[in-house]
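As structure tokens, the structure follows; a few thoughts come after it.
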């Protein structure tokens, strides 16, 4: 069996790396294609090194651009690779333009598409990621769901064939890498366990409007009177703080440069809570047994909110939610047992179109 995996962004690179080991263990030949959607040292190469991720067999060099332009470029170049390699199955990951491009090419060429992280749904419905998810799920033959809620989401849309609850590949990664988490940043900052909060902030709706960003940072500054705030600042956010003249709002906040996955997970493991608008970190906080205040109007990981573990917040209620002391029982096993990759590869290996 020959599998063609298409990736184009950091989370997809990581998921593929976890699956690659499982493919190798079953003797399945996997060819890795990188679309080039996000291909720079910060987004990819650091993870190649830290996670021992291999170089792709093909790089489509799609680069950035408008949604239609980018998706079209990837489709044109990926189709050439597919026709040359003639895979038995195409594996796509997540919700990017790369994901949709790969799914459309596979469906048009009548090659089965497997979607890793299927069934995630999030408002608003017109956001690019949501469009990519829905269209990809509707043309995929195998739909690998990270949670039972994702299975239910697909069922509501009439998709039941080929749907499998396998758990979350990112939990596989967390368990695999846990022994290698770095506490260098924790020690360098002289932090006290459970007495600080990790903050990440980068979404346009949070940082591109002065009034909203100022409200968030002022709330964070108030929180810093009780808990130290460790803020690995995203370049986009750093630029907006400077542009809007909000440097004073960061007084009392420990602002540091972005850190790699191993150091970030080390910080999360020992923190009190997490404040984030990152799709991945709100879930990684759960893996680490930490609650997250999610600065988003909705989340793809609704099961965490429905369980009461994570809380959705806005600039207006952030302070109250962060300082809330409500005890919540940890909702175990929402994302499987850490063996998602083996389950996915097992299903793929026995699949016949």
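Taking the conditions (1) crowded, with 17+ Cβ neighbours inside 10 Å; (2) over 28 Å from residue 346 (Cβ atoms); (3) touching a helix residue (DSSP H, G or I) at 6+ places or on another chain (Cβ under 9 Å) in turn, residue 163 satisfies each one other than (2). Is there a residue in region 167-178 that is in contact with a strand residue (DSSP E or B) (Cβ under 8 Å, 6 or more places away or on another chain) and either closer than 24 Å to residue 287 by Cβ or not assigned by TED's automatic domain parsing to the domain that holds residue 266 (or both)? Among the residues of region 167-178, at least one is in contact with a strand residue (DSSP E or B) (Cβ under 8 Å, 6 or more places away or on another chain) and either closer than 24 Å to residue 287 by Cβ or not assigned by TED's automatic domain parsing to the domain that holds residue 266 (or both), which makes the answer yes. Reported count of residues in region 219-234, each being part of a helix (DSSP H, G or I) and under 16 Å from residue 191 (Cβ atoms), is 1. For region 190-204, the tally of residues that are exposed (fewer than 14 other Cβ atoms within 10 Å of the Cβ) and farther than 18 Å from residue 225 by Cβ stands at 3. Taken over region 230-257, the criterion of being without any contact (Cβ under 8 Å) to a residue 60 or more places away in the chain and either in contact with a strand residue (DSSP E or B) (Cβ under 8 Å, 6 or more places away or on another chain) or not assigned by TED's automatic domain parsing to the domain that holds residue 218 (or both) is satisfied by 230, 231, 232, 233, 250, 252, 253, 255, 257. For the condition surrounded by 24 or more Cβ atoms within 10 Å (Cβ to Cβ), modelled with pLDDT of 90 or more and in contact with a strand residue (DSSP E or B) (Cβ under 9 Å, 6 or more places away or on another chain), residue 32 does not qualify. Do we find a residue being surrounded by fewer than 15 Cβ atoms within 10 Å (Cβ to Cβ), over 19 Å from residue 287 (Cα atoms), touching a strand residue (DSSP E or B) at 6+ places or on another chain (Cβ under 9 Å) and outside the structural domain of residue 307 (by TED's automatic domain parsing) anywhere in region 129-136? The answer is no, given that none of the residues of region 129-136 is surrounded by fewer than 15 Cβ atoms within 10 Å (Cβ to Cβ), over 19 Å from residue 287 (Cα atoms), touching a strand residue (DSSP E or B) at 6+ places or on another chain (Cβ under 9 Å) and outside the structural domain of residue 307 (by TED's automatic domain parsing).
Test residue 104 against the stated conditions and say whether it is out of contact with any strand residue (DSSP E or B) (no Cβ under 8 Å at 6 or more places or on another chain) and without any contact (Cβ under 8 Å) to a residue 24 or more places away in the chain. Spelling it out, it is not the case that residue 104 is out of contact with any strand residue (DSSP E or B) (no Cβ under 8 Å at 6 or more places or on another chain) and without any contact (Cβ under 8 Å) to a residue 24 or more places away in the chain.
Yes or no, residue by residue, for (1) surrounded by fewer than 18 Cβ atoms within 10 Å (Cβ to Cβ); (2) assigned by TED's automatic domain parsing to the domain that holds residue 274; (3) on the phi > 0 side of the Ramachandran plot:
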{"site": "311", "(1), (2), (3)": "no, yes, no"}
{"site": "314", "(1), (2), (3)": "yes, yes, no"}
{"site": "318", "(1), (2), (3)": "no, yes, no"}
{"site": "328", "(1), (2), (3)": "yes, no, no"}
{"site": "341", "(1), (2), (3)": "no, no, no"}
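Applying the criterion of being in a strand (DSSP E or B) and over 18 Å from the mean Cα position of the chain (by Cα) to the residues of region 169-207, the residue that is farthest from residue 218 (Cα to Cα) is 196.
The values are calculated or read from the model by the stated rules, or taken from the named source; none is laboratory data. What you see is a predicted model, and the numbers here were worked out from it, not measured in a lab. Note: ideal-geometry Cβ built from the backbone for every residue, glycine included; neighbour counts use all protein chains shown.
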